[in-house]
1. Are any of the residues in the stretch 20-31 surrounded by 14 or more Cβ atoms within 10 Å (Cβ to Cβ), in contact with a helix residue (DSSP H, G or I) (Cβ under 8 Å, 6 or more places away or on another chain) and either hydroxyl-bearing (Ser, Thr, Tyr) or modelled with pLDDT of 90 or more (or both)?
2. Could you check how many residues of the stretch 58-74 are without any contact (Cβ under 8 Å) to a residue 40 or more places away in the chain and surrounded by 12 or more Cβ atoms within 10 Å (Cβ to Cβ)?
3. Sort out which residues of the stretch 52-94 are hydrophobic (A, V, I, L, M, F, W, C), assigned to a loop (DSSP other than H, G, I, E, B), within 16 Å of the chain's Cα centre (by Cα) and over 16 Å from Lys39 (Cα atoms), and write them in order of number.
4. What are the residue pairs meeting all of these: first residue in the stretch 33-51, first residue assigned to a strand (DSSP E or B), second residue surrounded by 13 or more Cβ atoms within 10 Å (Cβ to Cβ) and of a type in the set (S, T, N, Q), Cβ atoms under 6 Å, and 6 or more apart or on different chains?
5. If you check Lys91 against the conditions, is it within 15 Å of Phe25 (Cα to Cα) and of a type in the set (Lys, Arg)?
6. So, in the stretch 38-51, exactly how many residues are crowded, with 16+ Cβ neighbours inside 10 Å and either closer than 14 Å to Val104 by Cβ or under 11 Å from the mean Cα position of the chain (by Cα) (or both)?
7. Could you pull out the residue among Val55, Val86 that is surrounded by 14 or more Cβ atoms within 10 Å (Cβ to Cβ), modelled with pLDDT of 95 or more and of a type outside the set (D, E, K, R)?
Amino acid sequence: MRFQTTIILCIAATAQFVLGEVWEFGENVPTSQVVSHNKGDISLLEKQRTVLLTVPECHEIDYVRVVVDNVFSNPAVYYDKLTQTVTISYKPLQISMSKYSVVVKAKPKKTCTGTPAPVKPEPRRTPYSARSLERFCL
C-alpha cells in the first residue's frame, strides 16, 4: 500500500513539472535579450496575480512568455503593453494553486538619447525536471 502511494505521488509531482500552459505575446526576435525572469506561486484562495515587468532604461519589450503550471485549471492570461504588466486570473470556482514563470525579452530603443545600460544575464536556474523526479522516486 505504501509503495502504491509513493508511485501516485511521484506521478503527480512529475505531471506538475511536465504539464504547463504557455502564452506568448509579441515576436521572439533572436537579437533581443532576456531582461527579466519572474517566478512565483499562486495560492489556493488567490484568484488574480498581477506581475510587474521590470525593463532596463532605454529598452523596449519585444516578447513576453508566460508559463503557468496548474494540473487542474487553465487561467486567463493578459499582457498590458502600456503598464508593462502580466495578469493571471482564475474564475471563482477554479482551483488556482499554481506556479508561474514570466520571461521578458527586450531590445535597446533606437530613439534613446543615452547609452542603453548593459543587461546582466541572469544565472540559469533549472527547476526540477521530470527525469530528476523519476530518479528520486525510483
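The values are calculated or read from the model by the stated rules, or taken from the named source; none is laboratory data. Nothing here was measured: the structure is a model prediction, and the numbers come from that model. Cβ: placed from backbone, ideal geometry, glycine included. Neighbour counts: every protein chain shown.
1. No, the stretch 20-31 has no match at all.
2. Qualifying residue count, the stretch 58-74: 1.
3. Val71
4. Lys39/Ser101; Ile42/Ser96; Ile42/Ser98; Gln48/Ser89; Thr50/Thr85; Thr50/Thr87; Val51/Asn38
5. no
6. 1
7. Val86
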